[in-house]
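Colleague: Structure incoming, see below.
Read the figures in this text as sums done on the coordinates, not as results from a lab. All values derive from a computational prediction rather than experimental measurement. No Cβ is skipped: glycine too gets one built from the backbone with ideal geometry, and neighbour counts run over all protein chains shown.
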Amino acid sequence: MDFFPNLITALSVAFQPANLFYCFVGVFLGTLIGVLPGLGPAGAMSILLPLTFKMPAASAIIMMAGIYYGAMYGGSTTSILINIPGEAASVVTTIDGYQMALQGRAGPALGIAAFGSFIAGTLGIVGLQLLSPPMVAIALRFGPPEYFSLMILGLVILTYLTQKSILKALLMAGVGILLGMVGLDNITGKPRFTMGIPKFMDGIGLIPLIMGLLGVSEVLANVEKRIYREVRKTPIHHLLPSRKDWGQSKGAILRGSVLGFFLGILPGGGAILASFVSYAIEKRTSRTPERFGKGAIEGVAGPESANNAAASGAFIPLLTLGIPSNVLMAILIGALMIHGINPGPMLMKEHPDVFWGVIGSMYVGNVMLLALNLPLIGIWVRILRIPHSVLFPLILLFCVIGAYSENYSVIDVNMMLLFGVIGYLMRKFDYEPAPLVLAFVLGPLMETALRQSLIMSDGGLTIFFTRSISAGCLLVAAVLLLTSFIPSLMKKRDLVLEEET
Amino acid sequence: MYADRLSSLFWLLLGLIAIYGSVKLGIGGVREPGSGFLPLLASLSISLIALIILLQTFVKAAKSDRTFSSLWQGLRWKRSLSVCIITLGYTLIFEKLGFALSTFIFLMTLLKGVESIAWAKVLLISVLSTGLCYLLLSFSLESTLPKGILGF
């Protein structure tokens, strides 16, 4: 087992002063974003992506990863204290977390959320470290047909798990692929859908697209709503859970860790799904299910552990296959590409500082997060009191600066604003932006894999079905798609989603 | 008009235009796919799904379907519109007036025009935020910001 030598390599990269600093900045910003309702981790990561342009690649990815798993920690604070989830993966935490706060038990709720997150996050990283090298070995055997089929499966799972219409999610995936095709064709050099605009020759920029669709659109959607936030005035004490609290939570934390980790690996899965499933399992396996919804500590411990473990698991397909399992990982792929790094099985060999640096920084970041989220809880509560009216102009300012600083071009800013308006309208008409963004990132990769596969097979489509991994992926994708259109199963799926939300 | 009907018509139109564009690019064959091969598959999917959604709006009981105007009912949509216009204005003056002056004007307009915050607070937040961003971007991140007429 290379566990300890790998751990030393990982920590030696993570403990470099610059990486430690960026790891702290990442987890700090992540917690801040998690705490602030109205800006999710995807929007925030897209806004902050331009900050990484001047950094070394390892530091950049360490910071972006820190924002991602930091947001998972911070999201519980608002769920517990003001009944508003800081990000989607903390939606279920509101159910029992807020009830605990109402009963004067905000301290233990925040405490178990932080400890559960720490334990699950750390176990998740151990799993990530253990599974990544063998996964890389398997991934090296993947050819273009396997990649193509796996990407199809990822897109299908993401659309299947959408909380809105599957048809609309599939449509968005199609639009994402189409947008990804804008620019010069890599193989023939032919300009595609550029409408004669020279700027489009390089394709649509990832930064303006994701900042617009995920960041600006969120601002535009929130600014028209009245956002009320009533922070619990009761003093937050007893952050360290009691022996009884631990007794009730330990099983939920362990189950949440394992479940979250494996759901995180699943393409299209991730932290949101993990937290919902964990809550459902805790409720169904509990001897006293009637306590759920009335302040059961397991209802906080399970989902919060699951979403943090999922955050670690989600790195496996990214670091080993170069395939993003969700939209947040798609942004991280964007960050890697901006630094000239092609994510995939060769990442561990060609850029060990990035590969092991991210893993090592996650161990360190988890400890930082525990310190940030428990002793400093008072600061986050004070930040919660900053009115949205002051926050949104600053968020917009960051968006503009971010879009501008990629190429120092106002056209990029206007593109971002255009995508912001499109994203705002998409939200209105119930079209989710996540499948579009994921398909936009995957589109060019899919096209290359498809073309290579067809050339390999001399024009036969059977290559996708004669290779076992590829056939397996396509079969699962087909089953999911077919079942999603069977009315009785559709009803069941909607019921589950309704129950979960 | 029902929201889904309107949106599906839009996507159907976009899909059809994209099919035309893909065919013009050259689809090639399965043996040697052309530049328009995957775009054609994507635009065919878009058109087909949009058509299904459109047909659903006629077949399904429409009572739960939302109308176009109901999407903005009870919401302060003019604020979103104002934010868009102000941000667009910001992009127009960004390079001409320079980062510092244009950002100060942008923040002040949003805080006062959209949110009606007291002048003293508006000035304080605008000056502090502009100054901090300028320092952070110019020195720490070595970002090149437009200098404009003020020279900074």
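Colleague: Using the Cα centre of the protein assembly as shown as origin and beta-carbon charges of +1 (Lys, Arg) and -1 (Asp, Glu), tell me which of B:12, A:391, A:459 is placed farthest towards the positive end of the dipole.
Modeller: A:391
Colleague: I've got another one for you. Quick check on the range A:38-187: what are the equivalent-ellipsoid semi-axes from the Cα gyration tensor, as sqrt(5λ), descending, whole Å?
Modeller: In descending order, the three semi-axes are 34, 21, 18 Å.
Colleague: Same structure, new question: Taking each residue in A:442-450, count the Cβ atoms of any other chain within 10 Å of its Cβ, then average. What number comes out?
Modeller: Partner Cβ neighbours, averaged per residue: 2.
Colleague: For B:84, A:399, A:473, what's the fewest-to-most ordering of other Cβ within 10 Å of each Cβ? Don't skip to the end; give the middle numbers.
Modeller: On the way: B:84 19, A:399 27, A:473 24.
Taking fewest neighbouring Cβ atoms as first place, the list is B:84, A:473, A:399.
Colleague: Let me know the charge dipole size of chain A about its Cα centre in debye, to the nearest 20, where only the beta-carbon of Lys, Arg (+1) and Asp, Glu (-1) is charged. Could you put the intermediate results ahead of the total?
Modeller: Details: 32 positive and 26 negative charges, 208 e Å.
That gives chain A a dipole magnitude of about 1000 debye.
Colleague: Can you tally the net charge around residue B:31? Count Lys and Arg as +1, Asp and Glu as -1, for every other residue whose Cβ sits under 13 Å from the Cβ of residue B:31.
Modeller: Once positives and negatives cancel, what remains is -1.
Colleague: How large is log10 of I(q)/I(0) for the range A:262-309 at q = 0.21, 0.24, 0.25 Å⁻¹ when the intensity is taken from the Debye formula with one equal scatterer per alpha-carbon?
Modeller: -0.65, -0.78, -0.82
Colleague: Further, regarding this structure: Tell me the Kirkwood radius of the range B:71-116: reciprocal of the mean inverse pair distance over distinct alpha-carbon atoms, in Å.
Modeller: 11.3 Å
Colleague: Sticking with this structure for a sec: Pairs A:199/B:147; B:121/B:147; B:96/B:147: which exceed 19 Å Cα-Cα?
Modeller: Pairs exceeding the cut-off: A:199/B:147; B:121/B:147.
Colleague: I've got another one for you. Starting from 0 in steps of 5 Å, tell me what percent of the Cα-Cα pairs of the range B:3-72 lands in each bin.
Modeller: 4, 18, 20, 16, 13, 10, 8, 6, 3, 1
Colleague: Please provide three numbers in whole Å: the alpha-carbon extents of the range A:79-152 along the principal axes, with the largest listed first.
Modeller: Rounded to whole Å, the extents work out to 56, 26, 13 Å.
Colleague: While we're looking at this one, here's another question. In nm, give the distance between the simple-model label positions of residue B:1 and residue B:147, each being 7 Å from the Cα along the Cα-to-Cβ direction.
Modeller: Computed distance between label sites residue B:1 and residue B:147 equals 5.1 nm.
Colleague: Using only the Cα atoms, work out Rg/Rh for the range A:11-105, with Rh taken as the Kirkwood radius, to two decimals.
Modeller: 1.09
Colleague: Also: Hey, got the Cα dimensions of the range A:104-199 along the principal axes, in Å, largest first?
Modeller: Sorted largest first, the three principal extents are 62, 40, 29 Å.
Colleague: Can you sort A:405, A:278 so the residue with the fewest Cβ neighbours within 10 Å comes first?
Modeller: A:405, A:278
Colleague: Another question about this same structure. Compute the long axis of helix B:3-25 from its Cα atoms, compare it with the longest principal axis of the Cα atoms of chain B, and write down the angle in degrees, 0 to 90, nearest 10.
Modeller: Taking Cα atoms only, the helix is inclined about 80 degrees.
Colleague: Related question: Report the local net charge at residue A:400: Lys and Arg +1, Asp and Glu -1, summed over other residues whose C-beta lies under 13 Å from its C-beta.
Modeller: Computed value for this residue: -3.
Colleague: While we're here: What ratio of Cα Rg to 2.2 N^0.38 Å holds for the range B:77-150?
Modeller: Details: Rg = 12.8 Å, N = 74, 2.2 N^0.38 = 11.3 Å.
After normalising by residue count via 2.2 N^0.38 Å, the value is 1.14.
Colleague: Using only the alpha-carbon atoms, what does the range A:326-408 span along each of its principal axes? Please give whole angstrom values in decreasing order.
Modeller: That gives 46, 37, 22 Å along the principal axes, largest extent first.
Colleague: Tell me the Kirkwood hydrodynamic radius of the range A:133-261 in angstroms, computed as one over the mean inverse distance between distinct C-alpha pairs.
Modeller: Values: mean 1/r = 0.0486 Å⁻¹.
Computed over the range A:133-261, the radius equals 20.6 Å.
Colleague: Using the charge dipole of chain A (Lys, Arg: +1 at Cβ; Asp, Glu: -1 at Cβ; taken about the Cα centre), state which of A:405, A:416, A:103 has its Cα farthest towards the positive end.
Modeller: The residue sitting most towards the positive pole is A:103.
Colleague: Please state, as a whole number in µm²/s, the translational diffusion coefficient that the Stokes-Einstein equation yields for chain B at 37 °C and 0.692 mPa s, with Rh defined as the Kirkwood radius across alpha carbon pairs.
Modeller: 163 µm²/s
Colleague: Fewest Cβ neighbours within 10 Å first, please rank A:261, A:485, B:37 accordingly.
Modeller: Numbers: A:261 28, A:485 11, B:37 22.
Going from least to most buried by this count: A:485, B:37, A:261.
Colleague: Shifting gears a bit: What whole-number volume per residue, in cubic angstrom, does the convex hull of the C-alpha atoms of chain A give?
Modeller: Here the figure is 148 Å³ per residue.
Colleague: Let me ask something else about it. On a full-extension model of 0.36 nm per residue, what is the gain between residue A:376 and residue A:237, subtracting their alpha-carbon distance, rounded to one decimal in nm?
Modeller: Using 0.36 nm per residue and subtracting the Cα-Cα distance, I get 48.8 nm.
Colleague: For a quick check: with amide H placed at 1.01 Å from N, whose amide H comes under 5 Å from residue A:192's, ignoring anything fewer than 5 positions away on the same chain?
Modeller: A:183, A:184, A:185
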